[in-house]
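> Here it is, the structure in full.
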Amino acid sequence: EFGSHCRSILERAQKLAKKKAGSQRRKQLAAERRRKVMDQDLLQIQSRLRELCGPDITVLENTEDLIVVSKPSGVVCYHTKMTTAGKITKKRKQKARSNQPDFTGQADISLVDALLDVTSLSTINPLARGIVHRIDRGTSGALVLAKTDECHLELVALFFLRRGKKKNFALVHG
(Lines give C-alpha, C1' and ligand atoms only; values in the text may rest on other atoms or scores of the structure.)
Protein backbone atom coordinates (compact mmCIF):
# COMPACT_ATOMS: atom_id res chain seq x y z
CA GLU A 1 0.00 0.00 0.00
CA PHE A 2 2.79 2.44 0.90
CA GLY A 3 4.70 1.50 -2.29
CA SER A 4 1.66 2.08 -4.52
CA HIS A 5 1.03 5.43 -2.85
CA CYS A 6 4.67 6.45 -3.51
CA ARG A 7 4.38 5.34 -7.15
CA SER A 8 1.19 7.39 -7.65
CA ILE A 9 2.86 10.47 -6.13
CA LEU A 10 5.88 9.94 -8.38
CA GLU A 11 3.66 9.52 -11.45
CA ARG A 12 1.75 12.72 -10.63
CA ALA A 13 5.04 14.59 -10.11
CA GLN A 14 6.34 13.33 -13.47
CA LYS A 15 3.12 14.39 -15.22
CA LEU A 16 3.30 17.84 -13.63
CA ALA A 17 6.99 18.17 -14.58
CA LYS A 18 6.22 17.19 -18.18
CA LYS A 19 3.28 19.57 -18.28
CA LYS A 20 5.37 22.41 -16.86
CA ALA A 21 8.25 21.69 -19.24
CA GLY A 22 5.82 21.57 -22.17
CA SER A 23 4.25 24.84 -21.10
CA GLN A 24 7.65 26.50 -20.78
CA ARG A 25 8.71 25.10 -24.15
CA ARG A 26 5.51 26.39 -25.78
CA LYS A 27 6.12 29.82 -24.24
CA GLN A 28 9.72 29.79 -25.53
CA LEU A 29 8.58 28.79 -29.03
CA ALA A 30 5.90 31.51 -29.03
CA ALA A 31 8.48 34.09 -27.92
CA GLU A 32 10.85 32.95 -30.69
CA ARG A 33 8.05 33.24 -33.27
CA ARG A 34 7.24 36.76 -32.02
CA ARG A 35 10.94 37.68 -32.20
CA LYS A 36 11.15 36.38 -35.77
CA VAL A 37 8.06 38.37 -36.75
CA MET A 38 9.49 41.47 -35.06
CA ASP A 39 12.83 40.93 -36.86
CA GLN A 40 11.01 40.57 -40.19
CA ASP A 41 8.95 43.66 -39.38
CA LEU A 42 12.12 45.53 -38.48
CA LEU A 43 13.74 44.64 -41.82
CA GLN A 44 10.59 45.54 -43.77
CA ILE A 45 10.20 48.85 -41.93
CA GLN A 46 13.87 49.69 -42.40
CA SER A 47 13.73 48.82 -46.10
CA ARG A 48 10.66 51.01 -46.62
CA LEU A 49 12.14 53.90 -44.63
CA ARG A 50 15.29 53.73 -46.75
CA GLU A 51 13.15 53.92 -49.89
CA LEU A 52 11.42 57.05 -48.56
CA CYS A 53 14.13 58.85 -46.56
CA GLY A 54 17.42 57.63 -48.01
CA PRO A 55 19.94 54.87 -47.33
CA ASP A 56 21.38 56.32 -44.11
CA ILE A 57 18.33 55.70 -41.90
CA THR A 58 18.45 52.68 -39.56
CA VAL A 59 15.86 51.11 -37.28
CA LEU A 60 17.64 50.37 -34.00
CA GLU A 61 14.74 48.88 -32.05
CA ASN A 62 11.16 47.90 -32.86
CA THR A 63 8.74 46.70 -30.18
CA GLU A 64 4.98 46.67 -29.83
CA ASP A 65 5.13 49.98 -27.93
CA LEU A 66 7.95 51.97 -29.50
CA ILE A 67 10.40 52.28 -32.34
CA VAL A 68 13.91 53.74 -32.14
CA VAL A 69 15.35 55.13 -35.35
CA SER A 70 18.82 56.41 -36.16
CA LYS A 71 17.91 59.61 -37.99
CA PRO A 72 20.48 60.95 -40.44
CA SER A 73 21.08 64.67 -40.76
CA GLY A 74 18.91 66.36 -43.37
CA VAL A 75 15.73 64.46 -42.46
CA VAL A 76 13.09 66.48 -40.64
CA CYS A 77 11.28 64.78 -37.72
CA TYR A 78 7.88 66.26 -38.55
CA HIS A 79 6.44 69.15 -40.51
CA THR A 80 5.14 72.06 -38.45
CA LYS A 81 3.05 73.40 -41.33
CA MET A 82 0.52 71.21 -43.02
CA THR A 83 1.50 71.27 -46.68
CA THR A 84 1.44 68.68 -49.41
CA ALA A 85 5.24 68.93 -49.89
CA GLY A 86 6.00 66.02 -47.57
CA LYS A 87 2.90 63.90 -48.12
CA ILE A 88 3.50 60.39 -49.38
CA THR A 89 1.32 60.18 -52.46
CA LYS A 90 0.88 57.26 -54.86
CA LYS A 91 3.20 58.96 -57.33
CA ARG A 92 5.95 59.37 -54.72
CA LYS A 93 5.50 55.76 -53.58
CA GLN A 94 5.92 54.57 -57.17
CA LYS A 95 9.06 56.68 -57.58
CA ALA A 96 10.46 55.26 -54.36
CA ARG A 97 9.68 51.69 -55.43
CA SER A 98 11.35 52.21 -58.80
CA ASN A 99 14.53 53.13 -56.86
CA GLN A 100 15.12 56.31 -58.81
CA PRO A 101 18.32 58.02 -57.64
CA ASP A 102 18.17 61.03 -55.36
CA PHE A 103 14.56 60.40 -54.38
CA THR A 104 14.99 62.27 -51.10
CA GLY A 105 15.80 65.47 -52.96
CA GLN A 106 12.50 65.31 -54.83
CA ALA A 107 10.27 65.40 -51.76
CA ASP A 108 10.68 66.67 -48.23
CA ILE A 109 9.19 63.66 -46.47
CA SER A 110 9.29 63.85 -42.69
CA LEU A 111 10.28 60.88 -40.58
CA VAL A 112 6.81 60.76 -39.02
CA ASP A 113 5.13 60.68 -42.47
CA ALA A 114 7.48 57.91 -43.59
CA LEU A 115 6.86 55.87 -40.45
CA LEU A 116 3.09 56.31 -40.72
CA ASP A 117 3.40 54.65 -44.13
CA VAL A 118 4.73 51.45 -42.49
CA THR A 119 3.49 51.37 -38.88
CA SER A 120 1.09 53.06 -36.49
CA LEU A 121 2.21 55.78 -34.08
CA SER A 122 0.70 57.35 -30.97
CA THR A 123 -2.08 59.86 -31.61
CA ILE A 124 -1.60 62.01 -28.51
CA ASN A 125 0.14 64.80 -30.44
CA PRO A 126 -1.58 65.02 -33.85
CA LEU A 127 1.09 67.35 -35.27
CA ALA A 128 4.06 65.17 -34.31
CA ARG A 129 2.60 61.68 -34.02
CA GLY A 130 4.64 59.44 -31.73
CA ILE A 131 7.48 61.94 -31.24
CA VAL A 132 8.83 61.68 -27.69
CA HIS A 133 11.70 64.10 -28.27
CA ARG A 134 12.95 65.77 -31.43
CA ILE A 135 16.24 66.25 -33.20
CA ASP A 136 16.87 69.20 -35.51
CA ARG A 137 16.95 68.56 -39.25
CA GLY A 138 20.72 69.12 -39.44
CA THR A 139 21.47 66.74 -36.56
CA SER A 140 21.78 62.98 -36.71
CA GLY A 141 21.04 60.66 -33.81
CA ALA A 142 18.72 58.16 -32.21
CA LEU A 143 15.08 59.18 -32.06
CA VAL A 144 12.42 57.46 -29.94
CA LEU A 145 8.87 57.31 -31.30
CA ALA A 146 5.94 55.82 -29.38
CA LYS A 147 3.52 53.47 -31.12
CA THR A 148 0.95 53.44 -28.32
CA ASP A 149 -0.59 56.31 -26.39
CA GLU A 150 0.32 54.74 -23.03
CA CYS A 151 3.99 54.41 -24.00
CA HIS A 152 3.97 57.97 -25.35
CA LEU A 153 2.67 59.38 -22.07
CA GLU A 154 5.18 57.38 -20.03
CA LEU A 155 8.19 58.37 -22.16
CA VAL A 156 7.23 62.05 -22.34
CA ALA A 157 6.86 62.07 -18.56
CA LEU A 158 10.33 60.50 -18.18
CA PHE A 159 11.89 63.15 -20.42
CA PHE A 160 9.93 65.95 -18.73
CA LEU A 161 11.05 64.82 -15.27
CA ARG A 162 14.63 64.48 -16.60
CA ARG A 163 14.73 60.79 -15.74
CA GLY A 164 15.63 59.78 -19.28
CA LYS A 165 19.32 59.90 -20.09
CA LYS A 166 20.51 61.55 -23.31
CA LYS A 167 24.07 61.90 -24.46
CA ASN A 168 25.09 64.25 -27.23
CA PHE A 169 28.29 63.82 -29.19
CA ALA A 170 29.76 66.20 -31.72
CA LEU A 171 32.15 65.37 -34.53
CA VAL A 172 34.48 68.32 -35.00
CA HIS A 173 37.07 68.85 -37.67
CA GLY A 174 39.93 71.36 -37.51
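> With every protein chain present, what accessible area does D65 have (1.4 Å probe, heavy atoms only), rounded to the nearest 10 Å²?
My reading of the accessible area for D65 is about 70 Å².
> Could you run the Debye sum over the Cα atoms of the range 129-172, one equal point scatterer each and no solvent, and tell me log10 of I(q)/I(0) at q = 0.20, 0.21 Å⁻¹, two decimals?
Normalising to I(0) and taking log10 leaves -0.69, -0.75.
> Tally Lys and Arg at +1 and Asp and Glu at -1 over the other residues with C-beta under 12 Å from the C-beta of S8: what net charge comes out?
+1
> At 7 Å along Cα-to-Cβ for each site, give me the label-to-label distance between F159 and T139 in nm.
1.0 nm
The values are calculated or read from the model by the stated rules, or taken from the named source; none is laboratory data. These numbers come from a predicted model, not from an experiment. Cβ atoms come from the backbone with ideal geometry, glycine included; neighbour counts cover every protein chain shown. Side chains are part of the model used for accessible areas, which takes the heavy atoms of the whole protein and leaves out ligands, DNA and RNA. Shrake-Rupley method; radii C 1.70, N 1.55, O 1.52, S 1.80 Å.
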